[in-house]
Amino acid sequence: MTPILSDLNDQQREAVTTVQGPVMVIAGPGSGKTRVLSYRIAHLIGMGVPAWNILALTFTNKAANEMKDRITRLVGAKSASLWMGTFHSLFARLLRVECEALGFGRNFSIYDSQDSLSLIKRIMNGSGIPLLSFNPAAIRSRISGAKNQLVSPGEFARAASDIFEEKASLVYERYQVSLKRNNAMDFDDLLLHPIALLSGHRKLLAKYQDRFRFILVDEYQDTNRAQYELVKLLGARDRNVCVVGDDAQSIYAFRGADIQNILDFERDYPDARVVRLEQNYRSTKSILAAADQIIKNNLGQIPKDLWTENAPGEPIRIVECEDDRREAAAVVSLIVEECRRSKGNFSEVAVMYRTNAQSRSLEEALRREGIPYVIVGGVEFYQRKEIKDLLAYLRVLINGADDESFLRIINYPPRGLGEAAISRLAAFSSAEQISLLAAAARAGEVAGLSKAAQGGLEWLSGLFRKYGELRSGMSLSELVRSMTDEIGILPLLKEEGTPEAMGRWENVQELLSAISEFGAEGRGSLEDFLQQVSLVSDIDEWDDTHNAVTLLTLHSAKGLEFPVVFITGMEEGLLPFYSSPVDRNEIEEERRLYYVGITRAMRALYLTFARVRYRFGDPSAQTASRFLGEIDPSITERIYRSGYRMTTSLRMSGTRRPALQERIDPEPEFYPDPPGPDPPGDAEGSPLRAGALVEHEMFGRGRVIGIAGKGDSTKAVVEFHSVGRKNLLLRYARLRII
DNA sequence: ATTAGGCGATTTTTT
DNA sequence: ATCGCCTAAT
């Protein structure tokens, strides 16, 4: 037996070595799924299969990167040409090469849901559909749903059964036309267009079937119809399709994932070998038992018998609190207790919740106690207005047909181009069948423009012409910085002078350094950068090397594990979440989500709920979640925490809790150094570390909560007394340590 | 053309 | 409670 195979159990080994033909691996939580996938790929490469014949589709970029690293450790540089990543990023890559066959330019833009929503609103406005009677977001989600199910605009129109669907179908049709005219694709198109390409062009299909002779799909239970079709198309010839998943962990039905894909795999591939990974290496017996008791309440699953050799461990703690603030306080005091008892690091702890809005009270409580934390998700960096504005300039530079991005920046910074000027320009561009940018270049011919408007348009078109020409002769960094200077966004923000504007200024700086870094490391062109930016998520950037508690939604917890897990807000209406009458399928999906959360825990699990929770600013009485009752009381322990006293009594000093400003020196044992090499913030010799008190020339005094990144992009999260929490780029922020 | 202030919706979850 | 959008005022 090769050394690779000796560290696998029998089932894992079977999953790794069955390389020919269809294979379905049903992988319970913590059963070594990632290991199996990476070993399987390493094994294939070891057998002499060239890495470029392997296509590995994962759910997040993070998972892909981790597996790639693992494979490289096993087989070395041979893995370099492996295609491994998310469906969206890999098929975007394929489209860059092949999209001309569909009439797209290779420089197409990728629209995120914000972009696509604003396009939809514009179409509705132009079609006389009142935004007030028809919620654009609902229309967008209906369209996206149709696209996920591979329903074309024509089919959608025929099936439309009420006024809403009729309007939606009209918008859908025009939306696809506009995207094409803008040379743009939304997330759904990144899957739909490849299907059209492969099913419509025999030669292309053959080319890629030749290329991808071995296909692996991770998290198969969360694939949608389009992803299913892609796998089917590409795998049709060699049938070396290996899917890995767990029906019990399917949590993305709301965005079109179809659990039927995994349930029907054996129907699609009757000769499929089915392997079950049932030994859990992650959790204690009680945690696994709780998970098992819960999921049994769902009907119609693939049967599984999960077991573990791990210790029984401690009971599941169910914590009842009076309200959400106290819930947060209780979580914090329990975190402190846990870390003290196990001499553990804060990074061992994750706090999970159903909705992003719940993070707020937790953040406040953590801040109050000076405990460092990182938050995954929420408002993402690349979604911020100032970032999207600058990116829109870059998108227009790359893709002059991108009217949506052009409109975003046409009058930002303000240059006298208001509604009237824009509609005149739009009329001209549609009469001439050219893009808005091309129309701007001929501003003189547009009827009825003011002098100022004409000047503004000429300036804009000149800007893009100039940098379009300069582009090839400049480095990425030079290009973007010089263009940003010319646009004048930074001085504009600086003038504003408010702390918010200052924060935005820093964000723009951060974007610029990110681009420079991308260029300097030779990771690709501006097009590549823009594409990457559209397709990364917050969880991809997360890492556990900081000594900080992780806050995240149950959804983003998928695929991760933590020694200590808190699931908060265990209340009817929140978990399970519902706003309208309860449907069995929805409750089951909520239960799976709950199951995912529970099975992230290795050593300790806390489930907390509040009797009163502030929702929409008003207190509402809550009842404990039905899910709590699904765990056998013999493995649970109930704790009541009614006040804030806990933390105080745990502190060594029984004295009054000092105000934040006075607490210069946090109790050192709560800040153990992270294991291994120097913490990232110290890499450059910066003495800054979590817990330090600092002064900023604009924001005044504050405390460092965490440090992230390295080199020029080292960032610090600082809690200021005056303005609250800020994300600062050390390079610009000139923090003085007090 | 730009800004300020008021109103309304918004809270699932995300590639 | 907060954000974004719309209207009215400058």
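Checking A:Ser347, A:Ser361 one by one, the residue that is under 15 Å from A:Met602 (Cβ atoms), of a type in the set (S, T, N, Q) and either in contact (Cβ under 8 Å) with a residue 24 or more places away in the chain or assigned to a loop (DSSP other than H, G, I, E, B) (or both) is A:Ser347 and no other.
Does A:Asp292 count as among the charged types (D, E, K, R), under 30 Å from A:Met24 (Cα atoms) and part of a helix (DSSP H, G or I)?
On the way: among the charged types (D, E, K, R): yes; under 30 Å from A:Met24 (Cα atoms): yes; part of a helix (DSSP H, G or I): yes.
Taking the combined requirement at face value, the residue satisfies it.
Being within 16 Å of DNA strand B (Cβ to nearest atom) and either of a type in the set (Gly, Ala, Ser) or at pLDDT 90 or above (or both) is the filter here; which residues of the range A:329-357 pass it? Explain how you work it out, then say what you get.
Pass one, the range A:329-357, residues within 16 Å of DNA strand B (Cβ to nearest atom): A:350-357.
Result: A:Ala350, A:Val351, A:Met352, A:Tyr353, A:Arg354, A:Thr355, A:Ala357.
Of everything in the range A:107-127 that is among the hydroxyl-bearing types (Ser, Thr, Tyr) and outside any helix (DSSP H, G or I), the residue that is farthest from DNA strand C (Cβ to nearest atom) is A:Ser109.
Of all residues in the range A:513-529, none that is within 15 Å of A:Phe108 (Cβ to Cβ) and exposed (fewer than 15 other Cβ atoms within 10 Å of the Cβ) has its Cβ atom under 7 Å from the Cβ atom of a residue that is modelled with pLDDT of 90 or more and of a type in the set (Lys, Arg), 6 or more apart or on another chain. Just one of (1) under 23 Å from A:Ser89 (Cβ atoms); (2) within 10 Å of DNA strand B (Cβ to nearest atom) fails for A:Leu132. It is (1).
Could you please find all residues in the range A:395-423 being surrounded by fewer than 22 Cβ atoms within 10 Å (Cβ to Cβ), assigned to a loop (DSSP other than H, G, I, E, B) and charged (D, E, K, R)? Within the range A:395-423, just A:Arg415 meets the criteria. The residue of the range A:135-179 that is farthest from A:Tyr252 (Cα to Cα), among those that are polar (S, T, N, Q), within 16 Å of DNA strand B (Cβ to nearest atom) and in a loop (DSSP other than H, G, I, E, B), is A:Asn135. Counting just the residues of the range A:128-160 that are within 16 Å of DNA strand C (Cβ to nearest atom) and touching a residue at least 12 places away in the same chain (Cβ under 8 Å), which one comes out nearest to A:Leu530 (Cα to Cα)? So, considering only residues that are within 16 Å of DNA strand C (Cβ to nearest atom) and touching a residue at least 12 places away in the same chain (Cβ under 8 Å), the one nearest to A:Leu530 (Cα to Cα) is A:Arg140. Of all residues in the range A:611-628, those satisfying the criterion of being part of a strand (DSSP E or B), away from DNA strand C (no atom under 16 Å from the Cβ) and surrounded by 16 or more Cβ atoms within 10 Å (Cβ to Cβ) are A:Arg611, A:Ala624. Inside the range A:309-342, residues that are closer than 12 Å to A:Pro563 by Cβ and not small (Gly, Ala, Ser) make up a count of 5.
Is it true that A:Leu605 is part of a loop (DSSP other than H, G, I, E, B), away from DNA strand C (no atom under 16 Å from the Cβ) and under 24 Å from A:Ser283 (Cβ atoms)? Steps first, please.
Details: part of a loop (DSSP other than H, G, I, E, B): no; away from DNA strand C (no atom under 16 Å from the Cβ): yes; under 24 Å from A:Ser283 (Cβ atoms): yes.
For A:Leu605, the condition - part of a loop (DSSP other than H, G, I, E, B), away from DNA strand C (no atom under 16 Å from the Cβ) and under 24 Å from A:Ser283 (Cβ atoms) - is not met.
Of everything in the range A:81-108 that is of a type in the set (Lys, Arg) and touching a Lys or Arg at 6+ places or on another chain (Cβ under 7 Å), the residue that is farthest from DNA strand B (Cβ to nearest atom) is A:Arg106.
Among (1) touching a helix residue (DSSP H, G or I) at 6+ places or on another chain (Cβ under 6 Å); (2) more than 16 Å from DNA strand C (Cβ to nearest atom), there is one condition A:Arg465 misses while meeting the rest; what is its number? (1) is the only condition that A:Arg465 fails. Every test in (1) surrounded by fewer than 19 Cβ atoms within 10 Å (Cβ to Cβ); (2) hydrophobic (A, V, I, L, M, F, W, C); (3) at pLDDT 85 or above is passed by A:Phe381 save one, and that test is (3). Scan the range A:220-233 and give yes if some residue there is touching a Gly at 6+ places or on another chain (Cβ under 9 Å), in contact (Cβ under 8 Å) with a residue 12 or more places away in the chain and part of a strand (DSSP E or B), otherwise no. Checked against the condition, which is being touching a Gly at 6+ places or on another chain (Cβ under 9 Å), in contact (Cβ under 8 Å) with a residue 12 or more places away in the chain and part of a strand (DSSP E or B), the range A:220-233 yields at least one hit. For A:Ile434, the criteria (1) more than 16 Å from DNA strand C (Cβ to nearest atom); (2) at pLDDT below 90; (3) of a type outside the set (Ser, Thr, Tyr) hold in every case but one, which is (2).
Among the residues of the range A:308-328, just one is closer than 14 Å to A:Glu369 by Cα and more than 28 Å from the chain's Cα centre (by Cα), namely A:Arg326.
Looking at A:Ala453, A:Ala426, A:Ala392, A:Ala439, just one residue is touching a helix residue (DSSP H, G or I) at 6+ places or on another chain (Cβ under 9 Å), within 13 Å of DNA strand B (Cβ to nearest atom), in a helix (DSSP H, G or I) and without any contact (Cβ under 8 Å) to a residue 40 or more places away in the chain, and that residue is A:Ala453.
The values are calculated or read from the model by the stated rules, or taken from the named source; none is laboratory data. Please read these numbers as outputs of a predicted model, since none were measured by experiment. Reconstructed Cβ throughout: ideal geometry from the backbone, glycine too, with neighbour counts over all protein chains shown.
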